[in-house]
Amino acid sequence: MLRQHISDRSFLVAESRARRLDVSRDAYARHWMPPTRLSAVASLWDDFSREVYPHDDLELAIRNRFFLDRLQGFAAAHEDAAFVNVCAGLTSYPFLLERPIPCFECDLPHVVRFKQRRMAELSSSGILPRRSVSFLGLDVLREDGRHQIQSLLDTKLANRPTFVLLEGVSYLLNFGVLEALFDVFREGQSPGSQVAMDFWMPDLRQHPVFLRLQKFFGTHFGFPAQDYCLFDREWIGRIRRYRMLESSSVSSSEQSYAASTVLSNEREILPENYALLERLS
Ligand SMILES: C[S@@+](CC[C@H](N)C(=O)[O-])C[C@H]1O[C@@H](n2cnc3c(N)ncnc32)[C@H](O)[C@@H]1O
């Protein structure tokens with residue numbers, strides 16, 4: 001991979017999780033990268049760290065732990081739980097769960113092809129434990145792509161409690177697509193199911209780290225500066241038939257997972273927020 005596209009960000013975030021295994025607990029993070037790509041990814045990460053902010057390793061490790069904990073809790077509470085990871089990138093959740101549950105990962109077709117191939121290699125060499133992971137190559141910007149997620153929820157996962165994760169991507173989409181995705185989740189999730197997501201708030205627009213990130217994503221991934229989708233808790237609160245179970249931020253989660261205060265200066269971090277929603281009956 002590494003094709004100067006926004007999907008390359010999935011390598012950067014895997015590298016971040018790998019650099020703080022103590023917090024992320026993602027022992028497989030670096031394995032997703034083929035050995036021939038390791039130094040290219042490390043050097044891209046160093047550029048990002050120098051040009052944007054130096055805390056991506058800690059921030060992404062905390063984010064991984066936050067969502068892993070919520071997913072573990074959901075799997076423990078529901079015998080027939082299933083996990084749907086939308087825009088899954090190179091995350092390792094199916095392999096980190098204490099109790100294996102059926103997992104479905106959606107991403108752009110070239111990312112899914114890459115990950116499937118790598119998963120086969122890592123499983124046959126005994127690095128990854130055997131898990132039930134199915135892949136859907138699709139584009140969530142397209143109606144036919146979202147329809148594939150709808151069919152999955154409506155057929156294979158009908159009436160099962162599902163945990164849908166939308167991580168690292170809400171700000172790369174747009175309101176129309178986010179609303180259409182929630183239409184799909186609302187239609188396909190049974191009451192008591194959950195959606196977990198992270199989001200960036202509108203006051204980020206003048207934030208120095210965000211301005212540098214916009215520039216970096218523009219030059220390295222060709223992602224246009226005007227295309228970020230920023231929203232607040234009120235917007236999430238208006239999503240019909242979901243209620244907010246929990247909301248948190250990377251800086252307030254730092255003490256739970258890292259016992260440090262490196263992220264306490266809001267001007268030097270990328271202020272990410274997390275939300276956990278429950279589908280109402
Ligand atoms: C920043 S990465 C986050 C990956 C992963 N969720 C994580 O948190 O590590 C964004 C992911 O969204 C995927 N993505 C971006 N646009 C997409 C689209 N239109 N349809 C499907 N996947 C998309 C990218 O390929 C990439 O894997």
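Of all residues in segment 77-96, which are hydrophobic (A, V, I, L, M, F, W, C) and in contact with a strand residue (DSSP E or B) (Cβ under 8 Å, 6 or more places away or on another chain)? Talk me through it step by step, then tell me what you get.
Step one: list which residues in segment 77-96 are hydrophobic (A, V, I, L, M, F, W, C), which gives 77, 81-84, 86-88, 90, 95-96.
A81, A82, F83, V84, V86, C87, A88, listed by residue number.
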Exercise for the section: Return yes when R99 is modelled with pLDDT under 95 and basic (K, R) and no when it is not. Expected result: yes
Completion exercise
Checking F67, F74, F104 in turn, the sole residue that is under 23 Å from E246 (Cα atoms), in contact with a strand residue (DSSP E or B) (Cβ under 9 Å, 6 or more places away or on another chain) and either within 14 Å of the ligand (Cβ to nearest atom) or outside any helix (DSSP H, G or I) (or both) turns out to be F67
Practice task
Identify the single condition in (1) more than 13 Å from the ligand (Cβ to nearest atom); (2) touching a residue at least 24 places away in the same chain (Cβ under 8 Å); (3) open to solvent by less than 40 Å² (accessible area, probe 1.4 Å) that R19 does not satisfy, given that it satisfies every other one.
Solution key: (3)
Problem - So A88, is it open to solvent by less than 50 Å² (accessible area, probe 1.4 Å), touching a residue at least 12 places away in the same chain (Cβ under 8 Å) and more than 15 Å from the ligand (Cβ to nearest atom) - result: no
Practice task
Grab the strands (runs of 3 or more DSSP E) fully contained in segment 119-234, keeping just those with 3 or more residues being open to solvent by 10 Å² or more (accessible area, probe 1.4 Å) and under 18 Å from Y93 (Cα atoms).
Solution key: 133-137
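Give the number of residues within segment 256-278 that are open to solvent by 20 Å² or more (accessible area, probe 1.4 Å) and either at positive phi or not hydroxyl-bearing (S, T, Y) (or both).
Here is the first cut: in segment 256-278, the residues open to solvent by 20 Å² or more (accessible area, probe 1.4 Å) are 256-262, 264-268, 271, 278.
Those still in the list that are either at positive phi or not hydroxyl-bearing (S, T, Y) (or both) too: 258-259, 262, 265-268, 271, 278.
Total satisfying the criteria: 9.
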Handout entry: Residue match in segment 27-38 (condition: surrounded by fewer than 21 Cβ atoms within 10 Å (Cβ to Cβ), away from the ligand (no atom under 15 Å from the Cβ), in contact (Cβ under 8 Å) with a residue 12 or more places away in the chain and within 24 Å of M197 (Cβ to Cβ))
Key = no
Handout entry: Flag for F135 being in contact with a Lys or Arg (Cβ under 8 Å, 6 or more places away or on another chain), within 15 Å of the ligand (Cβ to nearest atom), of a type in the set (F, W, Y) and closer than 19 Å to H110 by Cα
Key = yes
Completion exercise
Considering segment 235-255, residues that are part of a loop (DSSP other than H, G, I, E, B), at negative phi and of a type outside the set (A, V, I, L, M, F, W, C), and then whichever is least open to solvent (accessible area, probe 1.4 Å), we arrive at R240
Practice task
Among the candidates E266, E179, E234, E272, single out the residue that is of a type in the set (D, E) and closer than 24 Å to Q72 by Cα.
Solution key: E272
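The values are calculated or read from the model by the stated rules, or taken from the named source; none is laboratory data. Please read these numbers as outputs of a predicted model, since none were measured by experiment. Backbone-built Cβ (ideal geometry, glycine too); neighbour counts: all protein chains shown. Remember, those area values only see protein heavy atoms, side chains included, never the ligands or the DNA or RNA. Shrake-Rupley method; radii C 1.70, N 1.55, O 1.52, S 1.80 Å.
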